[in-house]
1. Within the stretch 166-185, how many residues are open to solvent by less than 20 Å² (accessible area, probe 1.4 Å), farther than 20 Å from Thr229 by Cβ and either among the hydroxyl-bearing types (Ser, Thr, Tyr) or part of a loop (DSSP other than H, G, I, E, B) (or both)?
2. From the list Gly267, Gly310, which residue is surrounded by fewer than 18 Cβ atoms within 10 Å (Cβ to Cβ) and either in a helix (DSSP H, G or I) or not basic (Lys, Arg) (or both)?
3. Regarding Gln382, is this residue in contact with a helix residue (DSSP H, G or I) (Cβ under 9 Å, 6 or more places away or on another chain), in contact (Cβ under 8 Å) with a residue 60 or more places away in the chain and within 27 Å of Gln191 (Cβ to Cβ)?
4. Please go through the stretch 589-635 and pick out each residue that is under 38 Å from the mean Cα position of the chain (by Cα), aromatic (Phe, Trp, Tyr) and open to solvent by 10 Å² or more (accessible area, probe 1.4 Å).
5. Any chance the stretch 243-255 includes a residue that's of a type in the set (D, E, K, R) and within 30 Å of Gly364 (Cβ to Cβ)?
6. Got a sec? Which of Thr433, Thr400 is polar (S, T, N, Q), outside any helix (DSSP H, G or I), out of contact with any strand residue (DSSP E or B) (no Cβ under 6 Å at 6 or more places or on another chain) and more than 22 Å from Thr80 (Cα to Cα)?
7. Does at least one position in the stretch 156-176 carry a residue that is in contact with a Ser or Thr (Cβ under 9 Å, 6 or more places away or on another chain), under 23 Å from Pro58 (Cα atoms) and in contact (Cβ under 8 Å) with a residue 12 or more places away in the chain?
8. Only one of these is assigned to a helix (DSSP H, G or I), closer than 30 Å to Ala422 by Cβ and open to solvent by less than 20 Å² (accessible area, probe 1.4 Å): Ala96, Ala52. Name it.
Amino acid sequence: MRYILIFSLSMTVATLWAQEPLHAPTPLLNVPGLDVASPGGDALTLLAAQRAQAMGFPSVAIGLYRSLLAQTGGDRAQLTLALVTALLDEGRGDEAQEALDSFVGLKGAGWQLRAGLVSAQKGDYIKARQFIADLADDDLPVADRGWFYFLQGVLADAENDPGKARGFYEQAETTATSMMARARFVLAREQARLRSGTVDEALAAEARKNMERLQGRKAGYGFARTYATMLDTLGRKAEAVGVIQGQLLNLPAEERAERDDFQLLLGLIAGPMPGPGRIALMNLLSKGSDPMKQRAALQILARDPVDTAGLIQFRRELDRLLDATPAHPIQEDLLLVRAQLALTAKDYKQAEADARSLLDKFPGSQLKAEAYGVLTSCAWEQFRFRTAADLATKARDELTNPQSAQIRAELGVLVAEAWFRARDFPNAADAYTAVLREVPDGVAAGDLMFQRVLSDIEAGRLEVALQQLDAMTGDPRLDSVNRWQAEWNLTRALQKSGQTAKAYERVNRLLGMSPSKPDSLPPELRARMVWLQARLSLQAGQPDQTIKLVDALADALPADIPQALIREVASSGALLKAEANFKLGNKEAAVELLQKLRADFPRSDAAIYSIIVEADYFADLDQTVEAQRLYTKLADDFPNNATYAPYALYQAALQAERRGQDANLVEANKLIEGLVTRYPDSPLVFFARLKQGDLLRKLNQFAQAQQVYEALVNNYQNRGDVILAQLALAECHNAQSLNDLNHADRAITLFEQLRDRVDAPVDVRVEAGFNLGYLMVRRGQPNRAEAIWWRDVVTAFLLDEKMAANLGPKGRYWMTRSLLELGSLYEQQAKLEQARDAWSLIVTTGLPGATLAKDRLARFTATAATP
């Protein structure tokens, strides 16, 4: 029943905006997380994790992968393998092993490769060889092959075969699609060398002798690094750091490549935290001669700032490098890292500036896809979905190599959902059609097929939606859950467009198919359609037929469906029967049925919702006390039901408000406060606070109402319907403006903003325009009032046919008020013909208030005829 509640609530208050679930819940579906699934949002998170990992932010990637794994759905096997890789990048071998052990699925080539990498990182090279003994590069996805070559290089290093190791490392680097990706392999190679080989005191002593014997000579530098590495392996880190610092002090200026190697090694051994390691890495990044090693240093430094102070310091260091002249040799990498840091800190302005700077300065950069990815994330997180769709498309266009096929497909899902969230449903439908030709791993094609149909439904293209759904029924990818969601949403859309009979006929036709036909309904879908048939009969005004269909439900249900679904259909059917009796005026029978429902199916969704049905019945009869009692009873009896309890409290408050006395308004306000206090995470909180402000205004407590509206405006800035709070706030200031010019000025500013907002509903803009003109009259500025009412209200929203078509009941009311006041203003100014024209427009355009307008016209005519 929750679907009915959400639907009715949206009709009562407003449509939920922003990153809410893509669609309202569907009845008879008990699938955890189904109504909050967001394939596009998940794709954005996955892409952000992949980008963070590629850029040297494995800790960020780890958090993102784990957040995805904490949800239901997705390709959990691939996500687990990605998490293992990120943990290896971070040097967290034990956690990588734990993640690998938690892997569920076929342990194929990808699992074997990571098992080998984990073993190698832990120094078990024999086991690592065993894991990849039977692997060939063709067994692995293109994206994994670099790590396969890399692991073979590590194993060759462990066997003291530097020539063979070098060949494998070079192969690994050739698979990289950008210099930043190559630097990741360079860094991993150096880290692996720190862990490779067996070391004891005797070998370390021998290495020291060789270092001292060749002091100051080219070959001696290699022995010095070997000795320092051995000391670190033996746990003598301070000595290792001292050896490298000594070499750096005595290194000739012309040995720039050797200096780079020593500084990178010092950074790896001492670490990027403040101290000698960080100094060495910053020197390498600032003054190094090898851009590849500078990128490796950048990646190490990027991993360190885990607290606010560290992030600020690292940002300052990046600022200094990017402001330097001449331009830094890896400037594009620095820009991208700073953009990623800013994005992580939700500093969208800086992130966008750096990403766009990279695109402008380096039009041929290999990092363009990553830059567009940062911009896409910024747009999505700021609810600029149309922009996000455009940017994600550009990111996808930059990915042309075979390794990026999966990422391209993920971006396709993101593009489609971005268009959907931008409410550009025709473009969303086209994008979903495209992505269905290239479905990414881990995304259910059935989900995308449902969204494809839903896009046409939301676009008002119901015939296209019908054709699409019928065409999809033969596609095995469309599972029964998504088929049911599509049928339900299509049915609701047909009802809303006045085609209930057509929806009813479709359900009857589908149920009339022989179960033996290839395109017949699957058993679980048939069970749900049987219930829908009964529900549609009620909504088609056939309550007698509803009762008959409900009575026949038990025999109509397929035998091979889960017991949980049988109970849900039976309880929901019993509720329908009670509603039908209410429609027929059989109150006693309806109440008896509701009581039986609650006894037979206690704590079921239908039983809880039945209290709302009963309360609604009394509310429709204007028996507000009994309705309020029932709503309150639901909230008291089922306080843990976070869907129905807050809704019941909201409705109870409305019943108290309807009685109209100050005591009732105070009671309503207490109910609203109870809702907000007990259910702070409910989506109703916004609307409850909005109602609270209205109640306070009715109680003449304008200062308190103002505080409520201001809190809504400040705390819900990214909601489209925050415009309602802004309008209420403007009206609140207006009500306090008679004796306070500050309130008047604030009201004028807010009304002007609302009048001019192109994204605001037309009704809101007209109401704002009327109030703005009225304030000008009160201020003794009739000419400004005339201009506002005629130019900004009447001409803009009534004489413009396209805008006039969007006028709703409230907008038409405020348009009439504007024309009446405008006519009176013209009459006071002796502009009699213009006054006549203003009042005549009310009649000729069919606005409400035609009788009053005709009376004024008649009075005006009579006055004009008097000699």
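The values are calculated or read from the model by the stated rules, or taken from the named source; none is laboratory data. Small disclaimer: the values here were computed from a predicted structure and weren't measured. Glycine gets a Cβ as well: all are built from the backbone with ideal geometry, and neighbour counts include every protein chain shown. Heavy atoms of the whole protein, side chains included, go into the accessibility calculation; ligands, DNA and RNA do not. Shrake-Rupley method; radii C 1.70, N 1.55, O 1.52, S 1.80 Å.
1. 1
2. Within the list Gly267, Gly310, the selection yields Gly310.
3. It is false that Gln382 is in contact with a helix residue (DSSP H, G or I) (Cβ under 9 Å, 6 or more places away or on another chain), in contact (Cβ under 8 Å) with a residue 60 or more places away in the chain and within 27 Å of Gln191 (Cβ to Cβ).
4. If the condition is that a residue be under 38 Å from the mean Cα position of the chain (by Cα), aromatic (Phe, Trp, Tyr) and open to solvent by 10 Å² or more (accessible area, probe 1.4 Å), then Phe601, Tyr609, Tyr617 are the ones that fit.
5. No, because not a single residue in the stretch 243-255 is of a type in the set (D, E, K, R) and within 30 Å of Gly364 (Cβ to Cβ).
6. Selected residue: Thr400, the only one of Thr433, Thr400 that is polar (S, T, N, Q), outside any helix (DSSP H, G or I), out of contact with any strand residue (DSSP E or B) (no Cβ under 6 Å at 6 or more places or on another chain) and more than 22 Å from Thr80 (Cα to Cα).
7. no
8. Unique residue meeting the criteria: Ala52.
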